[in-house]
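Notes to accompany the following structure.
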Amino acid sequence: MKRFTLYKLFHTALWAIAFLCTYFIFFLNFIYNASVSYDAYEKVSIDGFLLGGHLLLLLAAAIVLLLVFFKKHLIKVNPKLLFLVFSVMYIGMALYLILNIDHVIRADAGTVFRIAKQIADGDFSAFLKGGYIERYPHQAGLLFYDSILQLFSKGPWISFAANLCFVLGINFFIAKIADLLTQDREVILITVILSFSFLPQFFFILFAYGLTPGFFFMILGFYNAIRFSRLHKVHNAVFAVIGAAVAATFKQNFLIGVIAIVIFWLLDAMRLRGKDILKPVVASLALILCFSVPSFLVRMYFEEKSDVKLGEGTPTVLWLAMGTDIDNRYLGPGWYTGFNYATYTNSGYDTEEAARIGNERLKENLEEIKENPKEALTFFKDKTISQWCEPMFQSAWSGPLESCNQFTHTKLLQSIYNGEAAAERLAMFSKLVVLLIFGCTVLFLLSKKRDGFGWQVLLLFFIGGLLFQTVWEGKSQYIYPYVFSLIPTAAYGLKLVSDKTKTWIDVRSRKRIMENNE
């Protein structure tokens, strides 16, 4: 009985936190809009969006009415067939995108891709003191991935093609999660529609930085984690551990997903009785012990191949110092300033010295936050808006930019990647999808379905992402996985409101008929 009470306590606390966080982000998106400049400078702008929010709310109401009137036809559609049709359309759009751009990758993604070519030729200069991999050893996972891709082709197009496959895989498993959680055909269909309508993920096909493949393995981990909570089959726990561990190898941000699964499985243990308690506890311990194994193996592989012992590189506290500096509005509140690069360089590539400087700056930041609470509140509000209210999540910015000598070859793509009319329309459509995701997730959290088990891992991932990005270096491109993961909860919320609306319309219609008959 105590375990059950403890589970209810934690479940209620999670629900309350998830509700407040989801409503908060929905509210910010309703009244604000952020955008990133379509050039190399990555300058963030924040504008009021109250009128636009009301207009999109009316459009959302129209979507609900469409669901109401076409409900009987929608539920006849086979979800597998709908997924297949959308996938074929998606592939056609992706080919149009890939075939009409210059195949050039820039910034960190381009640097790692070039290093993969260098090590194939026996050049390991990037592993030496001051080299890119020595600075950022956490990029070894992406480097290993790029090295595998380059066995098939040295051209960047191979990364784009792989991303396309991973995106289709993400959309497939998010639909499988919706099926697992609801067994409701309408919710699955809405999930498929929303996942293919989430345009940032489509444009991230051109972002060869490990975010997309990492997210695929994270979603695979979530799916198997939920299945394990239902069936307690060992193979599901194994796939969940592998998926989460590989995701964290691509991007350390996905450690949030690892933590989400561990907490989720511990919640599972709290609600169980008898010997079954041990299964999720053992699975949690296995994940804690094994999540760093792929990263360790990749690191060993490169150290043996290069004959260079990799250190810790740039300490993570420097990113925290950037993200919590309330005077940092260089590009956007808490966004990149080069502080981590300059500090590590000036310290003579000494991790301990750089960490000492970073810890001092972080203490100074916390003191300034204490002394200037109003200014700090404004800073963190604006930082949240700059990341969570940018509807394209830098997906277009991460693609070909003319200012960086990356050119597109059709009028439509030029309009998209130069921030012209097509870009504005896509951003507005994406804003509608984001508002639907957060607004309908709020409705889900107000429904009885929230008392079911399985949804918690998606909500924990979102909450963890919100907390992490509040203190880390600002960047809207890393926000998209946390938003996308809420699509199954949004799909249920959208079905719920359409059902309520249909019931209300039917009742009104019957009353009108009865009045006319009288």
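The values are calculated or read from the model by the stated rules, or taken from the named source; none is laboratory data. These numbers come from a predicted model, not from an experiment. Neighbour counts run over all protein chains shown; Cβ positions are idealised from the backbone, glycine included. All accessible areas refer to the heavy atoms of the entire protein, side chains included, with ligands and DNA or RNA removed. Shrake-Rupley method; radii C 1.70, N 1.55, O 1.52, S 1.80 Å.
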### Query
Which condition does Gly52 not pass, out of (1) out of contact with any Asp or Glu (no Cβ under 6 Å at 6 or more places or on another chain); (2) closer than 29 Å to Arg185 by Cβ, if it passes all the others?
(2)
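Looking at Val77, Val68, Val36, Val64 in this structure, which one is closer than 30 Å to Arg106 by Cβ and touching a residue at least 24 places away in the same chain (Cβ under 8 Å)?
On the way: Val77 fails: closer than 30 Å to Arg106 by Cβ; Val68 fails: closer than 30 Å to Arg106 by Cβ; Val64 fails: closer than 30 Å to Arg106 by Cβ.
Residue meeting the stated conditions: Val36.
Take the conditions touching a Lys or Arg at 6+ places or on another chain (Cβ under 9 Å) and open to solvent by less than 30 Å² (accessible area, probe 1.4 Å) and apply them to Gly454. Does it pass?
Details: touching a Lys or Arg at 6+ places or on another chain (Cβ under 9 Å): yes; open to solvent by less than 30 Å² (accessible area, probe 1.4 Å): yes.
It is true that Gly454 is touching a Lys or Arg at 6+ places or on another chain (Cβ under 9 Å) and open to solvent by less than 30 Å² (accessible area, probe 1.4 Å).
Criterion first (buried (at least 23 other Cβ atoms within 10 Å of the Cβ) and at pLDDT below 95) does Gly474 satisfy it? First the steps, then the outcome.
Working: buried (at least 23 other Cβ atoms within 10 Å of the Cβ): yes; at pLDDT below 95: yes.
So Gly474 passes the test.
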### Message
What's the total number of residues in segment 1-23 that are farther than 30 Å from Arg273 by Cα and surrounded by 15 or more Cβ atoms within 10 Å (Cβ to Cβ)?
### Response
3
#### Entry: Verdict on Leu220 being part of a helix (DSSP H, G or I) and either closer than 27 Å to Val497 by Cα or without any contact (Cβ under 8 Å) to a residue 24 or more places away in the chain (or both)
no
### Message
One residue is enough: does segment 459-470 have a residue meeting the conditions open to solvent by less than 10 Å² (accessible area, probe 1.4 Å) and among the hydroxyl-bearing types (Ser, Thr, Tyr)?
### Response
no
### Output for segment 128-159, where each listed residue is surrounded by fewer than 19 Cβ atoms within 10 Å (Cβ to Cβ) and more than 24 Å from Gly313 (Cβ to Cβ)
Leu151, Phe152, Ser153, Lys154, Gly155, Trp157
#### Entry: Residue count for segment 39-61, restricted to those that are open to solvent by 50 Å² or more (accessible area, probe 1.4 Å), in contact (Cβ under 8 Å) with a residue 12 or more places away in the chain, outside any strand (DSSP E or B) and closer than 30 Å to Gly474 by Cα
5
### Task
Those residues that are open to solvent by 80 Å² or more (accessible area, probe 1.4 Å) and farther than 24 Å from Ala34 by Cβ, I need them from segment 362-397; list them, please.
Lys363, Glu364, Leu366, Glu367, Lys370, Glu371
### Query
Looking at (1) surrounded by fewer than 18 Cβ atoms within 10 Å (Cβ to Cβ); (2) within 25 Å of the chain's Cα centre (by Cα); (3) among the hydrophobic types (A, V, I, L, M, F, W, C); (4) outside any helix (DSSP H, G or I), which is the one condition that is false for Ile105?
(1)
### Query
When you go through Tyr336, Tyr301, Tyr341 one by one, which is the residue that is more than 27 Å from the chain's Cα centre (by Cα) and either of a type outside the set (D, E, K, R) or open to solvent by 60 Å² or more (accessible area, probe 1.4 Å) (or both)?
Tyr301
### Task
Would you confirm whether any residue within segment 459-477 is of a type in the set (A, V, I, L, M) and over 29 Å from Asp179 (Cβ atoms)?
yes
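Need a quick list: helices (runs of 4 or more DSSP H) entirely within segment 398-500 having at least 2 residues that are within 21 Å of the chain's Cα centre (by Cα) and under 16 Å from Leu14 (Cβ atoms). Walk me through it before giving the result.
On the way: elements: 411-417, 421-445, 456-471, 480-484.
Because the criterion is at least 2 residues that are within 21 Å of the chain's Cα centre (by Cα) and under 16 Å from Leu14 (Cβ atoms), the helices (runs of 4 or more DSSP H) in segment 398-500 that meet it are 421-445, 456-471.
Scan Arg450, Arg512 and give me the residue that is touching a helix residue (DSSP H, G or I) at 6+ places or on another chain (Cβ under 9 Å), more than 26 Å from Phe216 (Cβ to Cβ), modelled with pLDDT under 90 and of a type outside the set (Val, Ile, Thr).
Values: Arg512 fails: touching a helix residue (DSSP H, G or I) at 6+ places or on another chain (Cβ under 9 Å).
After ruling out the rest, the residue left standing is Arg450.
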### Summary
When every residue in segment 62-77 that is open to solvent by 40 Å² or more (accessible area, probe 1.4 Å) and not β-branched (Val, Ile, Thr) is compared, the one farthest from Asp499 (Cα to Cα) is Lys76
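This table checks each residue for (1) touching a residue at least 24 places away in the same chain (Cβ under 8 Å); (2) under 30 Å from Asn340 (Cα atoms).
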position	(1), (2)
Ser87	yes, no
Met93	yes, no
Ile105	yes, yes
Val112	yes, yes
Ala116	yes, yes
Ala120	yes, yes
Ser125	no, yes
Tyr132	no, yes
Pro137	yes, yes
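Would you check if Glu424 is without any contact (Cβ under 8 Å) to a residue 24 or more places away in the chain and in contact with an Asp or Glu (Cβ under 9 Å, 6 or more places away or on another chain)? Let's see the steps before the verdict.
Numbers: without any contact (Cβ under 8 Å) to a residue 24 or more places away in the chain: yes; in contact with an Asp or Glu (Cβ under 9 Å, 6 or more places away or on another chain): no.
So Glu424 does not fit the description; no.
Determine whether Val85 is assigned to a helix (DSSP H, G or I), open to solvent by less than 10 Å² (accessible area, probe 1.4 Å) and among the β-branched types (Val, Ile, Thr). Working first, answer last.
On the way: assigned to a helix (DSSP H, G or I): yes; open to solvent by less than 10 Å² (accessible area, probe 1.4 Å): no; among the β-branched types (Val, Ile, Thr): yes.
No, not satisfied.
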### Task
Return the only residue of Ser306, Ser292 being at pLDDT below 95 and within 30 Å of Phe239 (Cβ to Cβ).
Ser292
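Restricting attention to segment 24-38, which residues are of a type in the set (S, T, N, Q) and either in contact with a strand residue (DSSP E or B) (Cβ under 8 Å, 6 or more places away or on another chain) or open to solvent by 40 Å² or more (accessible area, probe 1.4 Å) (or both)?
Here is the first cut: in segment 24-38, the ones of a type in the set (S, T, N, Q) are 29, 33, 35, 37.
Correct list: Asn33, Ser35, Ser37.
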### Query
Residue check: is Lys80 modelled with pLDDT of 90 or more, open to solvent by 80 Å² or more (accessible area, probe 1.4 Å) and not small (Gly, Ala, Ser)?
yes
### Query
Within segment 248-273, restricting attention to residues that are basic (Lys, Arg) and outside any helix (DSSP H, G or I), which residue is surrounded by the most Cβ atoms within 10 Å (Cβ to Cβ)?
Lys251
